Amino acid sequence: MQQQSELHRSLKLWHIVVIGLGYMAPMAVFDTYGIVAEETGGHVPAAYLLTLLAILFTAASYGKMVRVFPSAGSAYTYAQQTFHPYVGFLVGWASLLDYLFLPMINALLTGVYLSAVFPEIPARLWIVGFVILITALNVMRVTVTATVNSLLVLFQVSVVAVFAALAVRGLLHGEGIGQVFAVQPFYSPDMSAAALLAGASILCFSFLGFDAVTTLAEETKDAANTIPRGIILVALAGGALFVTASYFTQSLFPDVSVFADPEAASAEIALHIGGAVFQLVFLAAALSSTLASGLVSVTSVTRLLYAMGRDGYLPEKWFGYVHPRLQTPLLNVLLIGALMLSALFLDLLTATSFINFGALIAFTFVNLCVIAHYTGKRRGLSGWWSYFVSPLIGAGFVAFLWVHLEAKSMQLGLVWTAIGAMYLVYLVKIKRVAVRKLSFDES
């Protein structure tokens, strides 16, 4: 089995942006609307704006680190290079929670959506079909994955645009607040800062995706410049979609009590605004959302595993292998495909509990890496803002999210991290594996 040390650089800026948007799943805005509307007292767009502003600080930190270390390892590599290889391993190990369980969540959601339309077909069959399709697409060259993802994202954006047009028609006919342009969804005298922050703590995870594109650094042309631009564009484009969709939803449905179930309001929203036909289109867009997110989340996790295998933390013959013709980490793709089948035995709540811990670990250390790496290297007011104050603000928002993290997520994350620490001790002290550290030329 031939080894290949490097992935092929073929992705461009537009690939990176649509991959990030696919990971973020734009249609998710409708799934969380009812919950966040209740939490914020009817100011969902304002909560999205606050979340976007906070996320941009961490996005900027990712951009700074990928310029220096353009590796598929993302936060794992940044912590490894900035602090210590063992710290990097634990960050990467914890981040795996986010990357490993998101494909399973998308498989579960696909089963839920399709079972609602075809109740006579067991959800298990849809999950197996999802796993086979996503695995087959990821086996192919990364440009194929990016192209398929682009079509899925384009469909979702088109549905959001149609939704906005239908919402404008309804508002002009006196529905909801009865006006197309209003400040009410963003501000009202009785607005609560605490409620907005509580809503932001829920919405933060809608932005997961801007960070995942850093795992594609070794497959991107001019990664040191393309990935940082892509990260910011993904966050801004996703934020614009979320704010627009939530603004029109909030304007049409200022009172969430009209929904039979605010926690599952998307179907009612689609039915009200466009009838049964648009409801089916809405469902198709939701399905394309799980397909796109599942597709690129598998791409991301296989690249992280590749980086950890290449460095010696995982068996290199398997995890560090790149297929010479397809130029993808083939064995990692097949492994993740097999692991995705565990969705047959998981419930959505348990799977979701795993992803938040890993994401927050990555966010925390990327901000800390910027401070540690650049402190003392940059002088002047602008340097202190970019390399100390900005990442410190990003870390502060992440700290707020840590406080609001569910107890179950924290418990599962700590157990997983403890397993990683024991595995690290086994590798270093007992097996005495020689762990490599990549060399980067900062010039």
(Q) among the β-branched types (Val, Ile, Thr), in contact with a helix residue (DSSP H, G or I) (Cβ under 8 Å, 6 or more places away or on another chain) and closer than 28 Å to Arg124 by Cα: is that true of Ile371 in this structure? (A) no
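Of the residues Phe30, Phe57, which single one is open to solvent by 10 Å² or more (accessible area, probe 1.4 Å) and under 19 Å from the mean Cα position of the chain (by Cα)?
Values: Phe30 fails: open to solvent by 10 Å² or more (accessible area, probe 1.4 Å).
Just a single option satisfies the conditions, and that option is Phe57.
Taking the stated definitions as given, is Leu427 surrounded by 17 or more Cβ atoms within 10 Å (Cβ to Cβ) and either in a helix (DSSP H, G or I) or in contact (Cβ under 8 Å) with a residue 60 or more places away in the chain (or both)? Working first, answer last.
Details: surrounded by 17 or more Cβ atoms within 10 Å (Cβ to Cβ): yes; either in a helix (DSSP H, G or I) or in contact (Cβ under 8 Å) with a residue 60 or more places away in the chain (or both): yes.
Spelling it out, Leu427 is indeed surrounded by 17 or more Cβ atoms within 10 Å (Cβ to Cβ) and either in a helix (DSSP H, G or I) or in contact (Cβ under 8 Å) with a residue 60 or more places away in the chain (or both).
Out of all the residues in the stretch 165-176, is one or more closer than 22 Å to Ala72 by Cα and small (Gly, Ala, Ser)?
At the first step, the residues of the stretch 165-176 found to be closer than 22 Å to Ala72 by Cα are none.
No - not one qualifying residue is present in the stretch 165-176.
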Q: Return only the number of the condition from (1) in a helix (DSSP H, G or I); (2) open to solvent by 20 Å² or more (accessible area, probe 1.4 Å) that Asn106 does not satisfy.
A: (2)
Q) Under the condition of being open to solvent by less than 10 Å² (accessible area, probe 1.4 Å) and within 16 Å of the chain's Cα centre (by Cα), which residue from the stretch 38-54 is nearest to Ala245 (Cα to Cα)? A) Tyr48
Q | Leading residue by the ranking (least open to solvent (accessible area, probe 1.4 Å)) among those in the stretch 255-288 that are of a type in the set (Gly, Ala, Ser) and over 21 Å from Leu154 (Cβ atoms) | A | Ala265
Q: For residues that are among the aliphatic types (A, V, I, L, M), at pLDDT below 90 and closer than 15 Å to Ala421 by Cβ, tally how many sit in the stretch 50-96.
A: 1
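The values are calculated or read from the model by the stated rules, or taken from the named source; none is laboratory data. Because the structure is predicted, anything quoted here is derived from the model rather than measured. Virtual Cβ from ideal backbone geometry, glycine too; neighbours counted across all protein chains shown. Side chains are part of the model used for accessible areas, which takes the heavy atoms of the whole protein and leaves out ligands, DNA and RNA. Shrake-Rupley method; radii C 1.70, N 1.55, O 1.52, S 1.80 Å.
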